Amino acid sequence: MKLTLHIWRQKGPQEPGRFVKYELDKVNEHMSFLEMLDVLNQELIARGEEPVAFDHDCREGICGACSMVINGIAHGPQRATTTCQLHMRHFKDGDVIYIEPWRAKAFPIVKDLIVDRSAFDRIIAAGGFISVRTGSAPEANSIPVPKDVAELAMDAAECIGCGACVAACPNGAAMLFVAAKVSHLNLLPQGQPERFIRVKAMVEAMEREQFGSCSNHRECEAACPKGISVSFIARMNRDYRKALWKTVEHQGGKAEGISQFRG
Amino acid sequence: MKVLSFYSTTVGKKLVMAITGLILAVFVLGHMAGNLQIYQGPEKLNHYAELLRVSMPLLWTVRIVLLLSVLLHIVAAVQVTLQNWRSRPKKYAVSAYQEADIASRTMIWGGLVVAAFVVYHLLHLTLGTAHGSFKPGDVYHNVVAGFQVPLVSLFYIVANVLLALHLYHGMWSWFQTLGFSHPKYNRARRVFATVYAVVIAVGNISIPVSVLAGWVK
Amino acid sequence: MKLDPRIPAGPLEQKWTRYKNTCKLVSPANKRKYSVIVVGTGLAGASAAASLAELGYNVKAFCYQDSPRRAHSIAAQGGINAAKNYQNDGDSVYRLFYETIKGGDFRSREANVYRLAEVSANIIDQCVAQGVPFAREYSGYLANRSFGGALVSRTFYARGQTGQQLLLGAYSAMMRQVGLGQVKLYPRTEMLDLVVVNGQARGIIVRDLVTGEISAHAADVVILATGGYANVFYLSTNAKGCNATAIWRAYKRGAGFANPCFMQIHPTCIPQSGEYQSKLVLMSESLRNDGRVWVPKKKGDTRKPTEIPEDERDYYLERMYPSYGNLAPRDIASRAAKRMCDEGYGVGPGGRGVYLDFADSIRRLGKHVIEERYGNLFEMYERITGENAYETPMRIYPAPHYTMGGLWVDYELMSTIPGLFVAGEANFSDHGANRLGASALMQGLADGYFILPYTVGNYLANTKLEKVDTSQQAFRDAQKEVEDRVKKLLSVNGKRSVDEFHRALGKIMWDLVGMARTEAGLKEAIVRIRALREEFWQDVRVPGDASDLNQELEKAGRVADFFELSELIAQDALERRESCGGHFREEFQTPDGEAQRDDANFAHVAVWEFTGDGKPPVRHSEPLVFEVVELAQRSYK
Ligand SMILES: Cc1cc2nc3c(=O)[nH]c(=O)nc-3n(C[C@H](O)[C@H](O)[C@H](O)COP(=O)(O)OP(=O)(O)OC[C@H]3O[C@@H](n4cnc5c(N)ncnc54)[C@H](O)[C@@H]3O)c2cc1C
Ligand code: HEM
Ligand code: SF4
Ligand code: FES
């Protein structure tokens, strides 16, 4: 099939960006979306132009690297699917496709379709963990976890940290990502001692990173390749509300050192 | 101090909005129920209006709570909305919302119109300064005479439609914000908010319509 | 090259305890003075960085992805083994040890494997405490599943995302240390060389993948945990960025490379659908429990599979291995599929695939049972191929998956360069010539959480380290070399893209150095790899420049190293005149086509020493001494 692509090209964080139009022939319906871009890039290289830069690694929907907004939808039209697992059979001959990077204040553009998502890492560094020293863990079966609790925690833990939720949110909010991690750990018995410290530290870290707030649009859930439910956002709100009545000492660091954004 | 640090995050601000929004929504429902007594004639309505004024301390407590709620709700709404705009400075070339509806996307605009309306509404029917033939104490007359001006009725109707839209999203949304979510009740939340919004809209709008139609004179 | 495995004395079961009791410790006050570089943030790297930082060392952690959480450990599906014996089915440390040695076709070191089995139970404890949401029974206790090559149920899992959950556990432990300032993180930073000062590993040269800046980092110890090199085949189950650069550069600085030819080809992957294919996706091996593998009896049959009648189908695994049938081990199933396709019976695009048919099971058990067991896999299959496997058989084909070979390490996981430790898939590891399912995750975490924290301390306490800083000559020279190599790649300015070369290399490797190897084929491979490498340096086109985010340049550097490594792989395969595990030499097979080991001549680790560009590397060997297990023939008929 033949496609018309409008791709966001931007040399660097400070440069202005713009859409560039490319006509692409010989697109096979069995190709993945990224393979379609590979084909385009091979053509660009042959023509002596610079290929389109985009993040990707595992190409099987689990690493969370791939990240592009396809015709206004983060990760494209197929629900619960990362860009790398989206296949061209969901498009048809003659389609016009706009491809853009994640857009959010907290995710500055690095180049073309690549953004800097290190804000997520800093949020995790602020409290997305259970503080257990290597070697100090008790025997695993001494902490029984009810099956339904373990399953629900796993539902939240499936988050791949791709940032589609932020990209899809009209407010550029990171609530789904943060709520998924808070819920995963706060649901489990192992996570109880740090439950309120964690939620407070992570919400405050999210604030520092200049993410927006939650208007409950539910665009995040619709874009999330892992189908993480907004009910986890409610759960986080609840824990944050409860934290008001608890004494919580902040121990997590701010992790300002980590950034790949050196614009 | 703690409350301030709590309020410093958007999650905290939204909690404040949900609680104040809820207070306002309950008031709006009660207010509407009272207003519907217009259909029972002038005595009933005027008597009800008098009843509200029996206890001044109570009246003022309610007024202060409402005023504080409105203020907090608006301040937080403006802060949160501005931050949201900053957090997402650029739009996509193709706009393709999957779940967000007009209600959720127009909260600030609907809210601001409602705020403007509330001010006008107070001047019109409470203080009477914006009323052509205001008679202190005769609520029935004030309402009927007021709504006989088509433009006034129109503003009232538009504001209530926007309020209904605001509530259509808001009365669903506050459950999330306050952390009440359970797979068993999540569908019921949607129904609840829809019914709430429709009841308020139909109830309130019926009054100017009835006046204009001449059913209530 | 001196190859002293430095295995502690004493009976097998006591070696590790004795080591821990007698190794030297660094005092808490002194730990603060030491710095450790960890390259790689997969299971091995992240767990090592977290544990060492907790102890008080100053750690710098590097990865090429934008976030450490994206290391390819994230993709592991099946599970992680541990000798917990929660099922009361007779598991024990010894049994896990024995099955790992046997699964590896008796080509691994007893002492290391025993220690691995010993610490396996602690790994589960640690991960549970971190909040890894392992599958549970209704009682709330941990659940297990069984896995290939084992007689007991000892695999712990978190749905089909075990690697992800374990990695997120290790990542969160490391991020906690990042928050506390104990670990300094360098994402999107690629290691391009190792710096050796006075014979000790003292630093690395890296390229900032965003700005292109090349810089040096000095430390007292360097740990490489950079994963495997299956991407030498171009198409593999590895992530696109997986590379051999870090270990290859270390090899060229003097670290011995062990058993490079030991690679695992996984039998159940989704086949290639066209020339544009960029990677192969693994489907869990468990599918073979209920699926039947077949090809049409007629060559080049283009009918729909559902239209081919029963008696025109060849259920070749059931035919060739009547007792194991569709459950024949990975290497055997893979080779059989390749043979059928080579002979022209393959199905699907390019004739590179065989059917995995669930029709019988669906008839026997009902669709809902199959859906319950494999629902998510069928979904993934449909997402990728657009075919509904409940209605038409799946198509599968083998794909390169894991590399048992890697940098040689001693019992302390230290390479032949003092101060250079290697962990996870990057070392030549504990899996001998073939890795059992669910054992790589175990090994990565054992290395990082439970072994390196002791052995690194022991090294530091026993070693006199001079002060170094990056302005020293060794650093400046190494940095200059890296800068020159980058310039050279950009200046060729030829006509063919990096991917074209990588694909061509992959094809040579797959055809001649893949599942079935012959002397003639390997010799031919070496000639062709060399020729292609020449062409690469004459005709590659790398657009863009060095001082920018340049993904083509990143790829070019990695492929350049694959060109050198692939030759060593072929050479190692050529020299190992026996068949064992994943290494199958057609000349060395039993009359019925089984791998024929040669314990008299090859019960050793082959370790290659770099002697200079253009000069032949030297092959050394570390004899494998089996004090406890008895060498036996694997048979699956
Ligand atoms: C699809 C798939 C499924 C699997 N399933 C299982 C399973 O079920 N059970 C099991 O036990 N094993 C499984 N394995 C194997 C197992 O996942 C890996 O062997 C293991 O996770 C490797 O971990 P690692 O820490 O050694 O390396 P990786 O996780 O690969 O990490 C490598 C790290 O090194 C970094 N790096 C690499 N090169 C450089 C460089 N030059 N400069 C800077 N950084 C660099 C990367 O950024 C990354 O952080 C599977 C493997 C695959 C591919
Ligand atoms: C009678 C008056 C009002 C009622 C009953 C009301 C009710 C509510 C409710 C229940 C919510 C949901 C809170 C949540 O999401 O948890 C809400 C949200 C909101 N309200 Fe109001 N409100 C009123 C007036 C206003 C006014 C005057 C404004 C003007 C600024 C306003 C602006 C908003 C905004 C912007 C939101 C959405 C915030 C977000 O989700 O990001 N509202 N309102
Ligand atoms: S919540 Fe979903 S969309 Fe957001 S980062 Fe996680 S996986 Fe991606
Ligand atoms: S490339 Fe890993 S999720 Fe898409």
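The values are calculated or read from the model by the stated rules, or taken from the named source; none is laboratory data. Every value quoted in this text rests on a predicted model; they were computed, and no experiment measured them. As a convention, Cβ positions derive from the backbone with ideal geometry for all residues, glycine included, and neighbour counts pool all protein chains shown. Ligands, DNA and RNA are excluded from the accessible area calculation, which covers all protein heavy atoms including side chains. Shrake-Rupley method; radii C 1.70, N 1.55, O 1.52, S 1.80 Å.
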### Message
Could you identify which residue out of B:K14, B:K91, B:K44 has the top mean-square fluctuation in a GNM of chain B using Cα springs shorter than 10 Å?
### Response
B:K91
### Task
Give me the percent of DSSP beta bridges within chain C that run antiparallel, rounded to the nearest 5.
70
### Task
Would you mind checking the pairs A:K11/A:K105; A:K2/C:K240; C:K2/C:K252; A:K242/B:K14; C:K279/C:K367; A:K105/B:K90 and listing those with alpha carbons more than 20 angstrom apart?
A:K2/C:K240; C:K279/C:K367
### Message
Which order do you get for B:K13, C:K488 if you rank them by accessible area with a 1.4 Å probe, largest at the top?
### Response
C:K488, B:K13
### Query
Sorted by accessible area with a 1.4 angstrom probe, largest first, how do A:T82, C:T416, B:T129 fall?
B:T129, C:T416, A:T82
### Unit charges at the beta carbon, dipole of region B:1-92: most positive-side option, B:P57, B:V75, B:V28
B:V75
### Task
In whole angstrom, note down how far apart the Cα centers of region A:204-219 and region C:413-431 are.
43
### Query
Relative contact order (percent) for chain A, with alpha-carbon contacts under 8 angstrom and 6 or more residues of separation?
21
### Message
Ignoring ligands, DNA and RNA, please state the percent of accessible area on region C:405-533 from carbon and sulfur, probe 1.4 Å.
### Response
51
#### Entry: Surface accessible to a 1.4 Å probe, per residue, for the residues of the protein assembly as shown, Å²
37
### Query
So what is the 222 nm mean residue ellipticity for chain C from helices alone, if each DSSP H run of at least 4 adds -39500 (n - 2.57) and you divide by all residues, rounding to the nearest 500 deg cm²/dmol?
-11500 deg cm²/dmol
### Semi-axis lengths, Å, region B:1-73, gyration tensor of Cα atoms, sqrt of 5 times eigenvalues
34, 14, 6
### Of all accessible heavy-atom area on region C:55-138, the percent that carbon and sulfur account for (1.4 Å)
47
### Message
For region C:1-158, I need the span (max minus min coordinate) of the C-alpha atoms along each principal axis, in Å, sorted largest to smallest.
### Response
48, 42, 31
### Task
Rank A:K105, A:K200, A:K11 by mean-square fluctuation in a GNM of chain A with C-alpha springs under 10 angstrom and give only the top-ranked residue.
A:K11
### Message
Given axes a ≥ b ≥ c from the Cα gyration tensor, I'd like to know whether region A:118-243 is rounded (a/c under 1.5), prolate (a/b larger than b/c) or oblate.
### Response
prolate
### Message
As a test of the formula, what do you get for chain A when each DSSP H run with n ≥ 4 contributes -39,500 (n - 2.57) and the sum is divided by the residue count, at 222 nm and rounded to the nearest 500 deg cm²/dmol?
### Response
-9500 deg cm²/dmol
#### Entry: Interface residues in region B:1-32 - accessible area drops by 40 Å² or more relative to the isolated chain, probe 1.4 Å
B:K2, B:F6, B:T9, B:T10, B:V11, B:K14
### Task
Starting at the first residue of region C:447-457, write each ³J(HN,Hα) from the Karplus equation 6.51 cos²θ - 1.76 cosθ + 1.60 with θ = phi - 60°, in whole Hz, x for Gly and Pro.
4, x, 7, 10, 10, 4, x, 7, 6, 5, x
### Task
For C:A219, enumerate residues with amide H under 5 Å from its amide H, sequence gap 5+ or separate chain, H modeled in the peptide plane.
C:G203
### Task
Using only protein heavy atoms and a 1.4 angstrom probe, determine the accessible area buried between A and C, summed over both sides, in Å² to the nearest 100.
6800
### Query
If ligands, DNA and RNA are left out, what is the accessible area of B:L24 with a 1.4 Å probe, given in Å² to the nearest 10?
40
### Point-charge dipole on Cβ atoms (K/R +1, D/E -1) for chain C, about Cα centre, debye to 20
920
### Query
Based on the alpha-carbon gyration tensor of region C:442-484 and its eigenvalue square roots a ≥ b ≥ c, which shape applies: rounded if a/c is under 1.5, prolate if not and a/b is larger than b/c, or oblate?
oblate
### Query
How large is the Kirkwood hydrodynamic radius of chain C, in angstrom, based on all distinct alpha carbon pairs?
25.0
### Message
Distance between the C-alpha centers of region C:47-103 and region C:540-555? Whole Å please.
### Response
34
### Query
So how many Å³ per residue does the convex hull of the Cα atoms of the protein assembly as shown work out to?
191
### Estimated vicinal HN-Hα couplings, Hz - region C:180-187 in sequence order (Karplus 6.51, -1.76, 1.60; Gly, Pro = x)
7, x, 7, 10, 9, 9, 10, x
### Task
Return the carbon/sulfur percentage of the accessible area of region B:1-146, one whole number, probe 1.4 Å, all protein chains in place.
73
### Query
How large is Rg over Rh for region C:544-637, taking Rg from the Cα atoms and Rh as the Kirkwood inverse mean of 1/r across Cα pairs?
1.15
### Query
How far is helix B:186-213 tilted, in degrees, relative to the longest principal axis of the Cα atoms in chain B, given as a value from 0 to 90 rounded to the nearest 10?
30
### Task
Could you tell me whether region C:267-399 comes out rounded, prolate or oblate from its Cα gyration tensor? Rule is a ≥ b ≥ c as square roots of the eigenvalues, rounded for a/c under 1.5, then prolate if a/b exceeds b/c, otherwise oblate.
rounded
### Message
Considering only C-alpha atoms, what is the centroid distance from region C:195-257 to region A:52-98, in Å?
### Response
31
### Query
In region C:38-79, which residues become less accessible by 50 Å² or more once every protein chain is in place, relative to the chain on its own, using a 1.4 Å probe?
C:E54, C:D66, C:R69, C:R70
### Query
About its Cα centre, how strong a charge dipole does chain A have in debye, to the nearest 20, once Lys and Arg get +1 and Asp and Glu get -1 at the Cβ?
820
### Message
Checking an interface number: how much accessible area is buried between B and A, summed over both chains, with a 1.4 Å probe, in Å² rounded to 100?
### Response
3800
### Task
Could you rank C:K507, C:K338, B:K135 by how accessible they are, 1.4 Å probe, largest area first?
C:K507, B:K135, C:K338
### For region C:475-604, radius of gyration divided by Kirkwood radius, i.e. Rg to Rh on alpha-carbons
1.11
### Query
Rounded to the nearest 500 deg cm²/dmol, what is the calculated helix-only ellipticity per residue at 222 nm for chain B, with -39500 (n - 2.57) per DSSP H run of length n ≥ 4?
-24500 deg cm²/dmol
### Query
Per-residue HN-Hα couplings for region C:347-364, Karplus 6.51 cos²θ - 1.76 cosθ + 1.60 at θ = phi - 60°, whole Hz, x for Gly and Pro?
10, x, x, x, x, 10, x, 10, 8, 10, 10, 9, 4, 4, 5, 5, 5, 6
#### Entry: Considering only the protein assembly as shown, percent of DSSP beta bridges that pair antiparallel, nearest 5
70
### Task
Using the 2.2 N^0.38 Å rule of thumb for compact globular proteins, work out how region C:173-264 stacks up: its C-alpha Rg over that value, please.
1.22
### Farthest toward positive dipole pole in region C:527-637 [+1 Lys/Arg, -1 Asp/Glu at C-beta], among C:L565, C:T611, C:V629
C:V629
### Summary
A student asked for the Cα radius of gyration and Dmax of region A:3-111 in angstrom ought to give 13.4, 37
#### Entry: Using alpha carbons only: equivalent-ellipsoid semi-axes of chain A, gyration tensor based, whole Å
37, 20, 16
#### Entry: GNM top mover of B:P136, B:P89, B:P57 - chain B, alpha-carbon springs below 10 Å
B:P89
### Task
May I ask for the angle, rounded to the nearest 10°, between helix C:367-385 and the longest principal axis of chain C, with both axes built from Cα atoms and the value confined to 0 to 90°?
70
## Note on the structure
About its Cα centre, region C:475-604 carries a charge dipole, from +1 on Lys and Arg Cβ atoms and -1 on Asp and Glu Cβ atoms, whose size in debye to the nearest 20 is 420
